[in-house]
Each structure stands twice: as structure tokens, then as C-alpha cells.
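One structure below.
Throughout, read-outs are computed from the coordinates displayed, never taken from laboratory work. A quick note: this is a predicted structure, and the numbers were derived from the prediction, not measured. For neighbour counting, all protein chains shown are included, and Cβ atoms are generated from backbone atoms with ideal geometry for every residue, glycine included.
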Amino acid sequence: MNRYAVGIEYDGSAYSGWQTQQSPRTIQGLVESALKGVAAEPVEVICAGRTDAGVHARWQVAHFDTNVTRPMRGWVMGANTELPRDVSIVWARPVPLHFHARYSAEARTYRYIILNRSSRSALAAKRAACIFKPLDHERMAAAAAHLCGHYDFSAFRSSECQSNSPIRRVERLTVERQGEWVVIEVTANAFLHHMMRNITGLLIEIGRGEAPPSWAREVLEGRDRTRGAPTAPADGLYLWDVRYPDAFRLPSGRSGARSIIIPGLP
């Protein structure tokens, strides 16, 4: 039995999320079908992070097992001939059988992109959240500092979250402005369901001046989702990177972290 890891990028606008469901099109279903064509046998892929409907990925990682051997270029090029233009296999690597795309990951990074101007964008539609009211990114950054560390993030999980524990470790949470764009980036060991979008919703409220930066600490310590802000839309959310131990020798998404995703974004 051979195990391979693949790097996948996709625009999630047209899909019902990663996980295979009975009727809607999903990223997992498309990738499995494409790899099945290359392997000439059924393939099941397991990913690092199950993104929701409308969420994008710059650096999703998944693994699969197969009885056949193919060149790495064969997996990439063969699968991509079967995939739609908004889903792509970027790389493939052999990995040991103890590698697991989800459980072997040390950390994941999500990035949320906001277009902050008074008019909507035709080019960024479905690929960024548009906030018309001016955002104070410095207030947002001050609020973000309250959420870094090892905490109970119950206040930022959805009611559908199935995780056994709400405890997560946020290594890094930054808010930066680049002209009309505001970029929120969070690196954590793992994320609860809707955790990133709920953090973003809270930071947007604070950036609008609806609450002080200290509100972030109050919501966190309250551990009550109903005391937080509305969940931010999926449009602006990207799975940006997944970090693994160096021993697996996988490509890293940390290089080129400022690569262009949306026209006009530096």
C-alpha cells in the first residue's frame, strides 16, 4: 500500500464545502473522482481542514492510499485534466503510512480578506468580504491581541461544532491594512467550527466602533456564543497554510505568503 499527500487549491464559491455529501458538489468528491481516474481504482482523500461552503483554499493538504504507483507529475497532471478550472492539485509527494493530513498537522493558518470601501467590487465578488463602513484596523489589532494564547474558545464555536474540546492554542493573530484591503490572519493548532469566521465577525464590530477592543476579552472569558458578534460571511475566508513537522519533507505554504489572490491586493 502506498500513501501520498497532495496540495490542493480551490475557489470554493460554487461548492458546498469540502466534505462529500449526498447531492451537492463538493471539493472532496471532485478530487476523489479525479484521482480515481489516475489510480484506476477508488480513492478516499482525508484533508487537513474541512472547509465550509463558499470557503476557499490556497494550501489545503490531503492524503490518500492506493495500491498503484504513479510518478508525482502523473498524479498532478492526470488529476487536473479531470478537475474543473476552479480546483487544482498543485503538488504530490509520497509520505509514510503513519502520516495523516489532519492529525500530523502542527498548525493551520486561515486568512480573511476584507475589501473596505464604499462600493462593491466586481473582480472580488465571492472572493472577499465587502465592508462599506470604514474599519479601524488598529482597534481590530488591539482586540486581536486578547485572543492569542491557549484558551477555551467556546464563545467562537458554532452550535453544530462536534469537537470534544473547545480548547485551542492561537499562536498568531494579526490585522493589517493594505490600502482598501484589511487582512486578518490566524495561526492555531486547530480550529473549531466557524471559529475563524466568528473571530472575524467580532473584530469587524470592533473595527466599526461598535465596541471597544477589550470586548474581545469579555467575549472570550464569557464562553457564550450568544454574546458575540454575527458570523462573518464565507466569501473572504481562505485556508492559507498547513504546517507539518520537517521530517515529512512536504512543500510549505509559508513561502510566497504575500502572493496575489485577488486583483488589486498587494
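Shown in residue order for the stretch 140-157 are the 3J(HN,Hα) couplings computed by the Karplus curve 6.51 cos²θ - 1.76 cosθ + 1.60 at θ = phi - 60°: 4, 5, 5, 5, 4, 4, 6, 9, 7, x, 9, 9, 7, 9, 4, 5, 10, 10 Hz (x for Gly and Pro). Principal-axis analysis of the Cα atoms of the chain puts helix 27-39 at an angle of about 20° to the longest axis.
In debye, nearest 20: dipole of the stretch 1-71 around its Cα centre with unit charges on the Cβ of K, R (+) and D, E (-)? Working shown, then result.
Values: 6 positive and 7 negative charges, 14 e Å.
Approximately 60 debye in magnitude.
For the stretch 107-239, the Cβ-based charge dipole about the Cα centre amounts to some 300 debye (Lys, Arg positive; Asp, Glu negative; other atoms uncharged). Between Y103, P84, V182, the Cα set farthest toward the positive side of the dipole of the stretch 65-195 (charges on each charged residue's Cβ, about the Cα centre) is that of P84. With the charge dipole of the stretch 2-104 set up from +1 on Lys and Arg Cβ and -1 on Asp and Glu Cβ about the Cα centre, the Cα lying farthest toward the positive end among the listed residues S16, T69, A48 is that of T69. Annotation for the stretch 41-137: trypsin sites (Lys or Arg not before Pro) lying in DSSP loop with at most 16 further Cβ atoms inside 10 Å of their Cβ are R85, R102, R117, R120, K126. Distance from the Cα centroid of the stretch 93-114 to that of the stretch 116-195 is 20 Å (rounded to whole angstrom). Note on the chain: with a GNM built from Cα contacts shorter than 10 Å, the maximum mean-square fluctuation among A211, A107, A188 falls on A211. Computed over the chain, the per-residue total of -39500 (n - 2.57) for DSSP H runs of n ≥ 4 gives a 222 nm mean residue ellipticity of -6000 deg cm²/dmol, rounded to 500. Computed from backbone phi, the HN-Hα couplings of the stretch 78-83 come to x, 5, 5, 5, 9, 8 Hz, rounded to whole numbers (Karplus: 6.51 cos²θ - 1.76 cosθ + 1.60, θ = phi - 60°; Gly and Pro given as x).
Filter the GluC sites (Glu not before Pro) in the stretch 80-156 to those in DSSP coil with at most 13 other Cβ atoms within 10 Å of their Cβ, and list the result. Mind dumping the intermediate values first?
Numbers: sites: E82, E106, E138; in loops: E106.
Listed in order of number, the matching sites are E106.
Computed from phi, the 3J(HN,Hα) profile of the stretch 103-120 under the Karplus parametrisation 6.51, -1.76, 1.60 (θ = phi - 60°) reads 7, 7, 5, 7, 6, 10, 10, 10, 10, 10, 10, 10, 8, 10, 8, 7, 10, 6 Hz, with x in place of Gly and Pro.
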